[in-house]
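Working notes for the structure below.
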Amino acid sequence: MTSGGTNQSTAAGDRPELTAAGYRPELTAAGYRPAWADTFPKLLRFQAMTRPDRPASREKTYGIWQSWTWKEVEQNVRDLACGLHLMGLKRGDKIAIVGDNRPRLYWTFVAAQALGAVPVPVYQDAVAEEMRFVFDHAEIRFAVTEDQEQVDKLLEIKSRCPKLERVVYEDPRGMRHYDHSAMSSYEQVQEQGRKFASGNPGFYSAEMEKGRGGDVAVMLYTSGTTGQPKGCMLSFDNLVITAENAARFDKVTSEDEVLAYLPMAWVGDHVYSFAEGYVAGFCVACPESGATVLNDLRELGPTYFFAPPRIFENLLTTVMIRMEDAGAIKHRMFKFFMNLARRSGSRIMDRQSVPFIDRWLYALGEYLVYGPLKNTLGFSRVRLCYTAGEAIGPDIFEFYRSLGLNMKQLYGMTEASVFIAMQPDGMVRRDTVGAPAPQVDVKIAENGEVMFKSPGVFLEYYKNPQATAETKTADGWVHTGDAGYFDPDGQLKIIDRAKDVGKLKNGSLFAPKYIENKLKFFPAIREAVAFGVGRDRVCAFINIDMQAVGDWAERRNIPYGSYQELAARPEVYELVKGQVEEVNRDLARDPHMKSSQIGRFLLLPKELDADDGELTRTRKVRRRFIGERYGELVEALFSGRDLHELKMEVRFEDGRVGNLSGQVRIADARVFAPEGAAASEPRKAA
Amino acid sequence: MQRTRPVGDVLLHVDDISLSFGGVQALSGVSFDIRKHEIRAIIGPNGAGKSSMLNVINGFYHPQQGTISFMGETRKQMRPHVAARQGIARTFQNIALFRGMTTLDNIMTGRLLKMRRGLFLQALRLGPADREEIEHREAVERIIDFLEIQAIRKVPVGQLPYGLQKRVELGRALAAEPQLLLLDEPMAGMNVEEKEDMCRFVLDVNDEFGTTIALIEHDMGVVMDLSDRVVVLDYGRKIADGTPDEVRKDQRVIDAYLGVTH
């Protein structure tokens, strides 16, 4: 603990002494950090002491990967912290961080925390109104942003956020004509801080040492499928202990390397590319820009990769489209080896028995197909790869595992500092999310809801005791809001949001997300929304995938001018109908789900969009909102009409509002008799 | 808008230029000047002689009459390579990039005049040539960053959509670090969003690098927003010259654009 340390010897800040009083390097049993390193600024001190010259951050600028060592990072953070102090940032203040993943923005977290302020990352693509809510609610005084785009957004809301005093921007491009009375550049703040630090050498260390593990480390606003976002407050203990557990679970080391490309305001990114990096001491790289992520991934070759299923899906789609264009020989080779991989790849990885000839061919395939393919995808060095957030399609999951990628699933949420359940090596299954993570207790409530208790359980929602009480019981159990159950082998299976699980008119179970996910596993279907609560059958809205269906249409010489036109083509309806019926056939086999077959569906003339409020920022469908917004269409689905005239307002990406009108066709799909009924009935009787 | 660099002295002055192709009089007696750090638009109906004027400025066409003075040096006629060496760079109405080469290589060709080492040293990748290449690459990377085209750095230009090709062409012109940048219809054939992007880049180039810009453009909104002064040509003659507001009110300009009954 730091309590004993007067730390005279570390006062200079530049060269902390390894054996200074209170800074003993002995590690705790977990093996990652000494007990005194219980906040991120202290972890940074520890990393700068033990591995000063190892790279800590990387960023690609001007086409070259620039690196900073742990020692350089600490100096940067110290200067920034001093600069923020001069600006007026005080203990307990909130400071917003808005932008793409940038090392300097990650450093801002630590600099603010060193002063006892609370960083609040905000989704950089949030519309001004969403930002205003967060800024207002969190009483933000300062904001550190990436560039002009974000500054403009903040200027737009500034008049309605009286507490916001000053905006700091990282990229000075285009900023020189702005009124700088309430604005500074990052460079400037850091420069002033540097001067201050050399004049007050003990300041940073003294401030940093005041931090305690139980203090609030960060406030993450959860987008929430309904209502206003809630500010989830996580302590240093929450994040550090959870990150440490996860790192130990997967034997993460300081040699690992990750690419930080997920939104900084998302807890997944915060833990994976920030907290775990500071605990394990590995290097976090930031891509050049949002558009270059795939390239950067390939150049960097991370060893530890975390992505929502959507990313894996997009990668696979790109590969498949490019394979379609490949020459005949390559195409056949790809097909042959992928079939082989599907048969034995996963089994080889899990050390199960595989015929000798397959094992040999697989090794050849690694040389000819899998290796080059993994290289193209940037997965050559990946040792550990997680997906979470949504259910992943069987084809996608199998594809990556068969290539020899150790892809696993985990289940988590902001309120748990991510980890609730994770899959141990060798026990990976597609339809489960794994066993409870280290130090996590999971139980299933009577209504089927999953509940947990862990060291990662959040402190509270900021200024929202009512929501806190609703989520967290007095004895520390947290409601996840998800319905699920345990498998016989102890792995957790999640079926849907607990509140979304409803009943059809005939009383049978209706889990919309379960059905939607089954639909979304087809590459042609991007989003689906199923309706059926209190109805006599299930109907669905479907969003086609522009890339996949557009490509499909081009190959068949089906002309289209826009998304709306493509979605209205009868050929596309036929394509989707076939896939809906396949889902129905599948559902018919499941005794719980057989009544949930999709009787009618329609293809929406526009893509569901977060800017219209139809999706959350993490791209989950807001079913209730969509049900209201497209109320007429829902009624048309259930009424038996075949056509509906639709007129509605849409919001474009640049904020303008336009009108969308046109006819939407509604199609019927075949419903199957419960196939296994004959077989399953007697079994039930027996 | 405030300027970082105020509009300065005359950079280029064309005096009494006349140009004809056989019996076609493309330009007759046109005079105007371009001042340092300004954005100067040349507008006019189709066939008014706008592109011919740019071609005269960078020495592609040789006028039969008149003089051109650039940076204090007066000539009867320019030659393209002299113009380029003196710091005049341009983009073309129909994109003129090397379609099979990547964005990076295309922009690199814009540095050609700045390369000091000979073919021999470059081919052998000897020390000085290598160092020079790194310097130029750095300059090019700054342009790539400036124009936000990092994602297409290594994509062959032929595969890019039109709007991006225009941007690459601008990048190549910028790579020469020109005193005067001639843009021939930089926004032609673009959608609204691409136009807005391009406008921003033109303004930024002018503001951050202090580059003087002469541009031909058909979109009146763009011209009025961007330019400091506008010269209007019609049938090869100058009919107006002044600020966007003055030009907009000029009766002869209105007539030229809308037509008059004779």
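Within the option set B:203, B:174, being within 13 Å of chain A (Cβ to nearest Cβ) and modelled with pLDDT of 90 or more holds for one residue only, B:203.
Among the residues of the stretch A:314-333, those that are open to solvent by less than 100 Å² (accessible area, probe 1.4 Å) and either among the basic types (Lys, Arg) or more than 31 Å from the chain's Cα centre (by Cα) (or both) comprise A:326, A:327, A:328, A:331, A:333. Out of A:195, A:163, one residue alone is of a type outside the set (S, T, N, Q), part of a helix (DSSP H, G or I), open to solvent by 50 Å² or more (accessible area, probe 1.4 Å) and under 22 Å from residue A:86 (Cβ atoms). It is A:195. Residue check: is residue A:94 touching a strand residue (DSSP E or B) at 6+ places or on another chain (Cβ under 6 Å) and within 23 Å of residue A:262 (Cβ to Cβ)? Yes: the conditions hold for residue A:94. Within the option set A:534, A:561, being farther than 24 Å from residue A:515 by Cβ, modelled with pLDDT under 90 and not hydroxyl-bearing (Ser, Thr, Tyr) holds for one residue only, A:561. How many residues does the stretch A:387-427 hold that are of a type outside the set (Ser, Thr, Tyr), under 27 Å from residue A:365 (Cα atoms) and either touching a helix residue (DSSP H, G or I) at 6+ places or on another chain (Cβ under 7 Å) or open to solvent by less than 20 Å² (accessible area, probe 1.4 Å) (or both)? So the answer is 14. Return a yes/no flag: does the stretch A:450-469 have any residue that is surrounded by fewer than 18 Cβ atoms within 10 Å (Cβ to Cβ), basic (Lys, Arg) and in contact (Cβ under 8 Å) with a residue 60 or more places away in the chain. Yes, the stretch A:450-469 contains a residue that is surrounded by fewer than 18 Cβ atoms within 10 Å (Cβ to Cβ), basic (Lys, Arg) and in contact (Cβ under 8 Å) with a residue 60 or more places away in the chain. Within the stretch A:332-351, is even one residue in contact with a strand residue (DSSP E or B) (Cβ under 8 Å, 6 or more places away or on another chain), modelled with pLDDT under 85 and in a loop (DSSP other than H, G, I, E, B)? No. If the condition is being of a type in the set (Phe, Trp, Tyr) and facing chain A (nearest Cβ under 10 Å), then the stretch B:131-162 contributes only B:146. Is it true that residue A:530 is hydrophobic (A, V, I, L, M, F, W, C), in a strand (DSSP E or B) and either open to solvent by less than 20 Å² (accessible area, probe 1.4 Å) or touching a residue at least 40 places away in the same chain (Cβ under 8 Å) (or both)? Yes; evaluated as a whole, the condition is true for this residue.
Look at (1) touching a residue at least 60 places away in the same chain (Cβ under 8 Å); (2) out of contact with any helix residue (DSSP H, G or I) (no Cβ under 8 Å at 6 or more places or on another chain); (3) outside any strand (DSSP E or B) and you find that residue A:239 fails only one, number (2). Residue A:535 satisfies every condition listed in (1) touching a residue at least 12 places away in the same chain (Cβ under 8 Å); (2) in a helix (DSSP H, G or I) except (2).
Note on the stretch B:197-245: among residues that are basic (Lys, Arg) and touching a residue at least 12 places away in the same chain (Cβ under 8 Å), the one that is least open to solvent (accessible area, probe 1.4 Å) is B:229.
On the stretch given as the stretch A:276-295, residues that are in contact (Cβ under 8 Å) with a residue 12 or more places away in the chain and either in contact with a helix residue (DSSP H, G or I) (Cβ under 7 Å, 6 or more places away or on another chain) or part of a loop (DSSP other than H, G, I, E, B) (or both) total 13.
Among the residues of the stretch B:40-53, the ones that are over 19 Å from residue B:68 (Cα atoms) and surrounded by fewer than 24 Cβ atoms within 10 Å (Cβ to Cβ) come to 4 in all.
When A:297, A:262 are checked against the criterion of being of a type outside the set (Asp, Glu), within 24 Å of residue A:395 (Cβ to Cβ) and within 14 Å of another protein chain (Cβ to nearest Cβ), A:297 stands alone in meeting it. Among the residues making up the stretch A:438-449, those that are touching a strand residue (DSSP E or B) at 6+ places or on another chain (Cβ under 9 Å) and farther than 22 Å from residue A:243 by Cβ are A:443, A:444, A:445, A:447, A:448, A:449.
Counted as qualifying within the stretch B:10-85 are the strands (runs of 3 or more DSSP E) with 2 or more residues that are touching a Gly at 6+ places or on another chain (Cβ under 6 Å), namely B:10-21, B:24-35.
Looking only at the stretch A:134-147, decide whether some residue is away from chain B (no Cβ under 14 Å), in a helix (DSSP H, G or I) and not hydrophobic (A, V, I, L, M, F, W, C). Among the residues of the stretch A:134-147, at least one is away from chain B (no Cβ under 14 Å), in a helix (DSSP H, G or I) and not hydrophobic (A, V, I, L, M, F, W, C), which makes the answer yes.
Taking residue A:489 as the residue in question, decide whether it is outside the structural domain of residue A:669 (by TED's automatic domain parsing), open to solvent by 30 Å² or more (accessible area, probe 1.4 Å) and part of a loop (DSSP other than H, G, I, E, B). Spelling it out, residue A:489 is indeed outside the structural domain of residue A:669 (by TED's automatic domain parsing), open to solvent by 30 Å² or more (accessible area, probe 1.4 Å) and part of a loop (DSSP other than H, G, I, E, B).
Take residue B:68 and decide whether it is more than 14 Å from chain A (Cβ to nearest Cβ) and touching a His at 6+ places or on another chain (Cβ under 8 Å). Considered against the rule, which asks whether it is more than 14 Å from chain A (Cβ to nearest Cβ) and touching a His at 6+ places or on another chain (Cβ under 8 Å), residue B:68 comes out as yes.
Residues checked against (1) touching a residue at least 40 places away in the same chain (Cβ under 8 Å); (2) open to solvent by less than 10 Å² (accessible area, probe 1.4 Å); (3) in a helix (DSSP H, G or I):
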site	(1), (2), (3)
B:168	yes, yes, yes
B:172	yes, no, yes
B:178	yes, no, no
B:187	no, yes, no
B:195	no, no, yes
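Condition check ((1) more than 21 Å from residue A:486 (Cα to Cα); (2) in a loop (DSSP other than H, G, I, E, B); (3) of a type in the set (Phe, Trp, Tyr)) across all residues:
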{"site": "A:399", "(1), (2), (3)": "yes, no, yes"}
{"site": "A:410", "(1), (2), (3)": "no, no, no"}
{"site": "A:420", "(1), (2), (3)": "no, no, no"}
{"site": "A:432", "(1), (2), (3)": "no, yes, no"}
{"site": "A:451", "(1), (2), (3)": "no, no, no"}
{"site": "A:456", "(1), (2), (3)": "yes, yes, no"}
{"site": "A:466", "(1), (2), (3)": "yes, no, no"}
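Does the stretch A:503-519 contain any residue that is closer than 18 Å to residue A:665 by Cα and open to solvent by 20 Å² or more (accessible area, probe 1.4 Å)? No; the residues of the stretch A:503-519 include none that is closer than 18 Å to residue A:665 by Cα and open to solvent by 20 Å² or more (accessible area, probe 1.4 Å).
Out of A:271, A:284, A:279, A:252, one residue alone is closer than 29 Å to residue A:42 by Cα, away from chain B (no Cβ under 14 Å) and open to solvent by 10 Å² or more (accessible area, probe 1.4 Å). It is A:284.
The number of residues in the stretch A:176-192 that are surrounded by fewer than 15 Cβ atoms within 10 Å (Cβ to Cβ) and not in a helix (DSSP H, G or I) comes to 3.
Of the residues making up the stretch A:55-88, those that are of a type in the set (Ser, Thr, Tyr), within 14 Å of chain B (Cβ to nearest Cβ) and without any contact (Cβ under 8 Å) to a residue 60 or more places away in the chain number 1.
The values are calculated or read from the model by the stated rules, or taken from the named source; none is laboratory data. Please read these numbers as outputs of a predicted model, since none were measured by experiment. For neighbour counting, all protein chains shown are included, and Cβ atoms are generated from backbone atoms with ideal geometry for every residue, glycine included. Ligands, DNA and RNA are stripped out before the accessible areas are found, and what is left, the full protein with its side chains, is counted by its heavy atoms. Shrake-Rupley method; radii C 1.70, N 1.55, O 1.52, S 1.80 Å.
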